[in-house]
Structures are given as C-alpha cells and as structure tokens.
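In what follows, a structure is listed as structure tokens, so that the remarks can point back to it.
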C-alpha cells in the first residue's frame, strides 16, 4: 500500500519543515493523533505517537531515518506493521510544495481489506495536508 499527495503552502520551506518536524505541532494538523512525545533534531531520534482511528487506539514508536532540513523528513514505524512516512518540502513560486507519502505492507490478515485501507490512507493524507496548509497559512 502506498499513498502520496501534495499541497502548495504559502510559507518558506524552512518554516514548513520546522513545523512538520516538531512533534508538539502534530495534534494541530494530523487528524488521527491523540498525543505525540519526543523531539526531532536528526536521524535516529524517536517519537512516540498515540492515535485513535476508526474506533481503535494505540501507540507506535517512530524512528527518524532521514532528516535533511529543509527538504526531507522520513520516519519509520517498525511495530506492529512496518510503515514509512515521508515529507518532502521544495520551494515553489512564493511558497513550498509539500509532498507526503505513506508506504506500508498490511499484515496478511488485513490483505482482504487492502482496497478499503488504501482509500482510507489516501483520504487521511489529503485531509492532513489540507489541515497543514490551513494552519500554516493562518500563522
């Protein structure tokens, strides 16, 4: 399963990257998060996120595997399912083109729901990027 979406935000790549890479901001724009603990300053850092989605909740640990300010941030969840979450920021016109992608392989038991999982992931990324744009352009 892979999903990707992008949005133009009327802020500099540095401002966008700094906002995205600060877990204290996550609840403001990421719809499924309940809390986020940790700090991101470079590769190897870890963040613990508690989420609630579709009637379920849980916590996951994310590891920063790529940190190239202000261009790229990649985090990996290894358990319960390996998922790679990437954000790219590049200057475009008078702002920044932000691209978000999520790549993961559902467990075997969830394969029969692959279409539904894909649709929900697509919607989640689009919704969260729209929220990110709204928040950053009103700061």
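Quick rundown of the values:
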| item | result |
| --- | --- |
| Estimated distance in nm for a label pair at residue 22 and residue 59, the labels positioned 7 Å out from Cα along Cα-to-Cβ | 2.4 |
| Binned Cα-Cα distances of the chain, short to long, each 10 Å bin given as a whole percent | 12, 44, 35, 9, 0 |
| Segments 34-40, 96-102 sorted - mean Cβ within 10 Å per residue, highest first | 96-102, 34-40 |
| Neighbour-count ranking [beta-carbon atoms within 10 angstrom, fewest first] of 129, 75 | 129, 75 |
| Pairs of Cα atoms farther than 13 Å apart, region 1-61, % | 70 |
| Neighbour-count ranking [beta-carbon atoms within 10 angstrom, fewest first] of 53, 67 | 53, 67 |
| Convex hull of Cα atoms in region 55-137, direction-averaged projection (nm²) | 6.7 |
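Rule-based calculations on the coordinates, nothing more; no lab input. What you are looking at is a predicted structure, and each value in this text was computed from that prediction instead of being measured. We place every Cβ from the backbone using ideal geometry, glycine too, and count neighbours over all the protein chains shown.
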